[in-house]
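The values are calculated or read from the model by the stated rules, or taken from the named source; none is laboratory data. Computed from a predicted structure; not experimentally measured. Using ideal geometry, Cβ is built from the backbone for each residue, glycine included, and neighbour counts are taken over all protein chains shown.
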């Protein structure tokens, strides 16, 4: 401790996190339930391009998972060498140098902070309009539920990161387990089970359609790497972080394959219905969870089951909010500790070891976006969405921005791996992982640009503007040597 005080580098709390905690961080950020409910239809072809894997959606999920696993392998190998908060920024630095690493940190943690605010804008409206709206019970306006959630996230993270990871674990596990049972029940109930869902030739456009599905498939894994942001607070980071990253990819892959198959089979392999605006807008899972009176032959549940599914989706959204906030606060703290952004953001609670400066900043951005979602009616408004549901339009735009920003950094990390891991004994593995990782990240970036409808078609433009601002700031603000280089216990 004497060395760290003399160096003047702020430190987080004790190394108390276990393998279970860091897996919960990655899985919580990924949001398997929410992604299964609203993103898998994009893989099938519900996106603006109108192209996707169709019947072969489960196969496209597996193909996307291979590329994401390659990125995960790169993260795992870096994680054996660096154990600092904000590790993604360090990984790019090791491969492409301090300047590019600084820009990557600016883009990546700007993206995770915006993702945090996106969840905050959605959750209040979801509670008010979906859960309570069905019963006409409105004890509080939607914005108030969002504020309550932001305050709750602040308190949980202030009290300690272990409380956050265990809360994520509970929320994600309960919601994922419930949906798992639902998916299995669909598979057993449907009379159209077939292995053709795993045949790429079944896609309407053949292999090109599958590849379009893979482009969107990358999005359902975003956040797999965020366990690395907790390395500094993990008891055995060299062992726990690599395992957490790779296990998270494997776990959610198995879950997504089941979810994709259950939805494709649940709609009797009728992709036109599965990806129709009516079904996509209502949420395919919620349609399948409805009774026959509401969903016809595609109803495998009842009104009660659909309402229960809505509750479990809410729990998963809450887990995402905790996961994004946890990752964001560690990244903002790391950048501030290295003096690449204002040093007050690196302030740490003396009693809790929590990054209180970063926490105030991240949650303030969330409150700002919640305010914008309710007191403006035109900012990034979706054409088909009524003004009173503006929070949903803003959620879509903000979450798309955050995901696109992370994909940019994935691409940089994959490129940098050729140099940053040049001394790795498995040189062939580095090359393969780098190429596969760059391919899936590049595909995801392409999917964020190609035929994207307004106002999401501006996301990549704003991301490039954010990137340009980061380049200027990083050029002007030199910062100091990264903590991962100065503090002995944060590196191998």
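Could you tell me whether residue 165 is closer than 29 Å to residue 388 by Cβ and either free of Cβ contacts under 8 Å to residues at least 40 places away in the same chain or under 18 Å from the mean Cα position of the chain (by Cα) (or both)?
Values: closer than 29 Å to residue 388 by Cβ: no; either free of Cβ contacts under 8 Å to residues at least 40 places away in the same chain or under 18 Å from the mean Cα position of the chain (by Cα) (or both): yes.
Considered against the rule, which asks whether it is closer than 29 Å to residue 388 by Cβ and either free of Cβ contacts under 8 Å to residues at least 40 places away in the same chain or under 18 Å from the mean Cα position of the chain (by Cα) (or both), residue 165 comes out as no.
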Quick check, is residue 480 in contact with a strand residue (DSSP E or B) (Cβ under 7 Å, 6 or more places away or on another chain), touching a residue at least 24 places away in the same chain (Cβ under 8 Å) and surrounded by fewer than 18 Cβ atoms within 10 Å (Cβ to Cβ)? no
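Which of the residues spanning region 51-69 are surrounded by fewer than 24 Cβ atoms within 10 Å (Cβ to Cβ) and assigned to a helix (DSSP H, G or I)? Steps first, answer last, please.
Restricting attention to region 51-69, the residues satisfying the condition of being surrounded by fewer than 24 Cβ atoms within 10 Å (Cβ to Cβ) are 51, 62-63, 66, 69.
Matches in region 51-69: 62, 63, 66, 69.
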If you scan region 197-218, which residues turn out to be over 21 Å from residue 259 (Cβ atoms) and either in a helix (DSSP H, G or I) or free of Cβ contacts under 8 Å to residues at least 40 places away in the same chain (or both)? 201, 206, 207, 208
Subset of region 372-412, residues modelled with pLDDT of 95 or more and over 20 Å from the mean Cα position of the chain (by Cα), comes to none
Hey, any hits in region 183-192 for a residue that's exposed (fewer than 15 other Cβ atoms within 10 Å of the Cβ), at negative phi and outside any helix (DSSP H, G or I)? yes
For residue 303: the one exception among (1) at pLDDT below 90; (2) farther than 24 Å from residue 175 by Cα: (2)
Would you confirm whether or not region 30-45 contains a residue that is under 15 Å from residue 229 (Cβ atoms), modelled with pLDDT of 95 or more and under 20 Å from the mean Cα position of the chain (by Cα)? no
One residue is enough: does region 248-270 have a residue meeting the conditions under 27 Å from residue 322 (Cβ atoms) and part of a loop (DSSP other than H, G, I, E, B)? no
